[in-house]
């Protein structure tokens, strides 16, 4: 059979193919030729055939029939054969084929070969694709080669050792003695790979880490030599001496210096030196500086050094090179938690990066901007971020909108600003807003009582023109339904009141109902809103009745059910209608970071109404919370009035935590707008107040926090299932003296890592002779699960004189904070 | 750790693909295609870093690429590698190729894939950087090539010798060199086939 064509010929032929089909044909022909040649066991041309096979494999054609041939090539004596054989093994074989184990013996022999290049090939292959069995068998050979004086082999052996350790971590100990002299090498290649080996070992095992800490001085010395050595043509890259090695050493120093004062101490000088002396005109210098900055931030460096590092990052931000700006933004993101103030200084530059054309940079800048928003700069930052939201790519809008909502919630300087911001987001990026933003917003609006008129007016104006953005329309319909009377009466302090008639309002709601663009959820909102308006509007009740009855035969089952039930309200239960459709009370909610779970304690209604109430309408209009309490059979806990933080000095900023209101109110998790899934939130059959938190309180013992002068304060605990860092403490204050204590005020302070919220006490008088108690609820947020400590201050009037006392509570049981 | 090194041209045809992590062959081809899609969309003056595509590990891995003439050199790395360092590494790799091939161009990579693999094997091993000194690498490659040549190389001994002689371009030797009066007769040299 004629000699198989050469690789070059094959490539040339394939390149002449004009279509994919032609190429496939040629390759199939060649594969057939190769296969028959393999069958003939032709030694001379085997390497040529395998080379061609590898080329075809790269193009994407199957080449598995060449695997055994590679093995035969490896076993051959010729260097050429071995070279192609090992390359084939690396490309075609992997651990999943059983064939690869046959290589083990060959590799073992080759590791002891006389020619260093053959040994090199064997090491390379083992280091690339050695499986754990192979590594176990051959680790001894690798270790021997690690000690050889041949630098070519030594560096390969070092990297091979890294691979072995990755596959079989237990063998790490074996390489330990060989590492003793690794750093004494002069050859940079060996130094480089040794540092990689040491890095791998330190990352895997804390014992190794401790052991290698003593190498810090040596590493510092090597680094120093590199910097001071001046020009060395061998290792020079753009004027800097072996930057790769410098970067590797800096990384190892970072790992060694983390959490260790002595090592960090030893490194401070050299880090400062590198940071100040490196030339930054080229990428090389910047790479080293970047690594230095990361190291400084990670170890326990002194504050001067940290400031230097952040300034370097700031300088990077101003660099023209995009790559540098990108890495600067990435590292600032990592450090913003720890060195917040220093990063704040560069805020304006970061905000400018939002306007960059590069998508990667924009994303980083956006994330960093959100991390930098705080109480002081919130207005300015929000302006920039809203502008960004306007102009950014669609892939960013969802994240940006959520970020803005979170930031606005945390740092809103005023309610009006908050509502304005949210409205702005809804109108610009309305369709990208996440679904959970709608209930949040509704809850926010209900809470800002004085802004109702303003809000509804603005929302009305917003959807007049365009009702295609679903979240906006949902919120607007809900508001119009609730506050339609305010809208029509034209009373608005904040803005120029507009003249709206009832018909106009109904027009807009009806068009939402009819429009093809409205999702069925939105239609549900609109229908319910129209229904609510039947009690708020005076002249158009008939129109409303008509609309509602039309939808009684709607195809959409949800709408139909609502309409039918509303109809029933009009006909049979007209006397109950006003009560049912009354204004919603203020809602409490649970906020967590990220997707919030809303738990509403809707004002409940009498149980009798249960049957007619559309059980799926999440927006239960209801009477005041007090009615609920009557049902519960005289709980004397006061309803939750969201207390403006009468919380104490240590309660760290603002409403970072609005926890669920009073525990004993029944409410089942009802997501507000989701009309479908809620069960009727009236699990009142048992009439037992169903505590919202699973009562693990049974497990947590109560403590006596204070007991002096006849005043005794007990703490009892509950932990939340849904949010394990929240502890709810109920205090009971009792008075064993003969006279009442009046004007009792309880204040508490907690360490900075906690957050505290105090709810209103049940009363301010503690009757004498233990005949009654004052109860108050404290909520503590403890994200870091640190030990709970509290300082309390009590002021009250007793026996005609004002009393005041400070005490510290340290005896919290571990279950309350762990 | 470097997960993969890919070289492909402006149309997405792979010129070299080396994976340091186990992927099936189909996945490998898909990764090449996906990476090409991501990288070719990039403008000329944006930064050289990208989040990795879904197949190659998503946002844990980064794609660091450089565009030279008609070729994209893409290194897919995880977070333990320094991005700027890898950029420099790509530069060193290309310069080494340049030294080994003398003004390397895409054709060189096409016809000498195996040699490119050998050069790469001297620089990166098992996903980790082995040697960055260009001269050192070139020296080792030369030595190994010499070793190969002494064994008669890829093509097999007989064919090589034959083709060597076949390609020997014996110039047409003029039978008569006429320099004025002097006439030198040159004997008939036998022709080799």
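Just so it is clear, none of the values below were taken in a lab; they were calculated from the coordinates. This is a predicted model, so every value here is computed, not measured. For neighbour counting, all protein chains shown are included, and Cβ atoms are generated from backbone atoms with ideal geometry for every residue, glycine included.
Distance between the modelled labels on residue A:355 and residue A:504, one decimal in nanometres: 3.9 nm (7 Å Cα→Cβ projection). Based on C-alpha pairs under 8 angstrom that are at least 6 apart in sequence, region A:4-64 has a relative contact order of 41 percent. Each listed q (0.16, 0.21, 0.24 Å⁻¹) maps to a log10 I(q)/I(0) for region B:1-71 from the Debye sum over equal C-alpha point scatterers, namely -0.52, -0.92, -1.22.
Were the residues from residue A:9 through residue A:743 laid out at 0.36 nm apart, the gain over their Cα-Cα distance would be 254.2 nm.
With a simple spin-label model that places each label point 7 Å from the Cα along the Cα-to-Cβ direction, the separation between residue A:224 and residue B:23 comes to 4.6 nm. Quick one: plug the Kirkwood hydrodynamic radius of region B:1-150 (C-alpha pairs) into Stokes-Einstein at 25 °C, 0.890 mPa s, and report D in µm²/s. D = 156 µm²/s. Peptide packing: for A:106-116, A:351-361, the average count of neighbouring Cβ atoms within 10 Å per residue gives the ranking A:351-361, A:106-116, highest mean first. Shape of region A:1-132 from its Cα gyration tensor (a ≥ b ≥ c, root eigenvalues): rounded if a/c is under 1.5, otherwise prolate when a/b > b/c, or oblate? In terms of gyration-tensor shape, prolate. Note that region A:462-571 carries a Kirkwood radius of 14.0 Å, evaluated over its alpha carbons pair by pair.
Inter-chain Cβ neighbour count for A:99-109, averaged per residue, equals 0 (cutoff 10 Å, partner chain atoms only).
Report note on the peptides A:539-546, A:85-92: ranked by the mean count of other C-beta atoms within 10 Å, highest first, their order is A:85-92, A:539-546. From the Cα gyration tensor of region A:201-322, with a ≥ b ≥ c the square roots of its eigenvalues, which class applies: rounded if a/c is under 1.5, or else prolate if a/b is larger than b/c, or else oblate? Cα axes put region A:201-322 in the oblate bin. Shielding by partners for peptide B:50-61, expressed as the average number of C-beta atoms from other protein chains within 10 Å of each residue's C-beta, is 0. The distance between label points at residue A:379 and residue A:22 comes to 7.1 nm (points 7 Å beyond Cα on the Cα→Cβ vector). Does region A:703-816 come out rounded, prolate or oblate, given a ≥ b ≥ c as the square roots of the eigenvalues of its C-alpha gyration tensor, rounded meaning a/c under 1.5 and, failing that, prolate meaning a/b above b/c? Judged from the Cα gyration tensor, region A:703-816 comes out prolate (a/c at least 1.5, a/b above b/c). Sequence-distant contacts, meaning Cα pairs under 8 Å at least 6 residues apart, place the relative contact order of region B:1-150 at 23 percent. To the nearest 0.05, what FRET efficiency results for residue A:64 and residue A:434 with a Förster distance of 45 Å applied to their C-beta separation? Between residue A:64 and residue A:434 the formula returns 0.40.
Contact order for region A:311-371, expressed relative to its length and based on alpha carbon pairs under 8 Å spaced 6+ residues apart, stands at 34 percent.
The simple Förster model, with R0 at 25 Å and r as the Cβ-Cβ distance, assigns residue A:709 and residue A:789 a FRET efficiency of 0.65. Calculated FRET efficiency, residue A:32 to residue A:132, Cβ-Cβ distance, R0 = 51 Å: about 0.85 to the nearest 0.05.
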